[in-house]
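Chemist: Below is one structure. I have some questions about it.
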Amino acid sequence: MFKKTLLITLATILAMIPLACSSEPAVEGQIILDLSPAEARTMIQENLGQTDFVLLDVRTPSEFAAGHIEGAVLLDFNSGNFQAEAEKLDKNKRYLVYCRTSNRSGQAVNLMKNLGFMEVYDLDGGIVAWEAAGYPVVR
């Protein structure tokens with residue numbers, strides 16, 4: 001009896017994992033996507049300077065100062081007040097988010113998704129992949 005209960009419990013937990021890890025939008029109509037460096041570069045070229053587009057660097061101030069993508073705005077994910085600052089942003093703008101390698105930006109994008117931001121993109125591989133692709137940074 002114990003084994004059967006254990007198996008049913010494990011089966012139930014395993015069945016729930018895809019739901020917990022789902023990339024489904026938190027709000028209907030949301031767009032949450034990863035972009036390659038080439039796709040991100042195209043988006044930046046087409047949208048930089050537009051009032052409805054934000055290039056968001058979520059690294060530390062020292063990382064930002066060492067080199068960032070032109071036009072980026074800094075909002076340090078590790079600052080301790082990232083969520084409070086993110087909540088002040090316009091949820092209807094288009095955001096392209098990046099960090100060093102996509103770890104922090106992935107977490108930031110997930111948080112933004114859950115806060116109801118409508119269109120958020122993550123630069124896959126971060127600024128490391130951006131530079132490896134030969135794209136410029138401001139130093």
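Chemist: Going by amide H atoms built from the backbone, whose H comes under 5 Å of the H on Val73, apart from near neighbours?
Modeler: Counting only residues 5 or more places away or on other chains, the set is Leu55, Leu56, Asp57.
Chemist: Please list Val27, Val137, Val109 from largest to smallest accessible area, probe radius 1.4 Å, with all protein chains kept in place. Provide the component values of the computation, followed by the final result.
Modeler: Details: Val27 55, Val137 35, Val109 10 Å².
Order by accessible area, largest first: Val27, Val137, Val109.
Chemist: I would also like to ask the following. Quick one: which residues, 5 or more positions from Leu48 or on another chain, have an amide H under 5 Å from its amide H? H modelled 1.01 Å from N in the peptide plane, none for Pro or chain starts.
Modeler: Here nothing satisfies the definition.
Chemist: Follow-up. Show me the trypsin sites (Lys or Arg not before Pro) within segment 69-107 that DSSP assigns to loop and that have at most 11 other Cβ atoms within 10 Å of their Cβ. Mind dumping the intermediate values first?
Modeler: Numbers: sites: Lys88, Lys91, Lys93, Arg94, Arg100, Arg104; in loops: Lys88, Lys91, Lys93, Arg100.
Loop-located and lightly packed - Lys88.
Chemist: Next question. On the full set of protein chains, 1.4 Å probe, figure out the accessible area of Leu33 and give it in Å² to the nearest 10.
Modeler: About 90 Å², ignoring ligands and nucleic acids.
Chemist: Please list the non-local residues whose amide H lies under 5 Å from the amide H of Leu35, H modeled 1.01 Å from N, same-chain partners needing a gap of 5 or more.
Modeler: Those qualifying (amide H under 5 Å, at least 5 residues apart or on another chain) are Asp122, Leu123, Asp124.
Chemist: How large is the direction-averaged shadow of the alpha-carbon convex hull of segment 43-139, in nm²? Can you show the working numbers first?
Modeler: Working: hull surface 22.5 nm².
Seen from a random direction, the Cα hull of segment 43-139 projects 5.6 nm² on average.
Chemist: Need one number: nm distance between label points at Ser79 and Asn47, each 7 Å from Cα along Cα→Cβ, rounded to one decimal.
Modeler: In this crude spin-label approximation the distance works out to 2.1 nm.
Chemist: What is the distance, in nm, between label points placed 7 Å from the Cα along the Cα-to-Cβ direction at Glu87 and at Glu70?
Modeler: Each label point is offset 7 Å from its Cα along the Cβ direction, giving 3.7 nm.
The values are calculated or read from the model by the stated rules, or taken from the named source; none is laboratory data. Keep in mind that what you see is a predicted model, and the values were worked out from it rather than measured. Ideal geometry is used to build each Cβ from the backbone, glycine not excepted, and the neighbour counts take in all protein chains shown. Remember, those area values only see protein heavy atoms, side chains included, never the ligands or the DNA or RNA. Shrake-Rupley method; radii C 1.70, N 1.55, O 1.52, S 1.80 Å.
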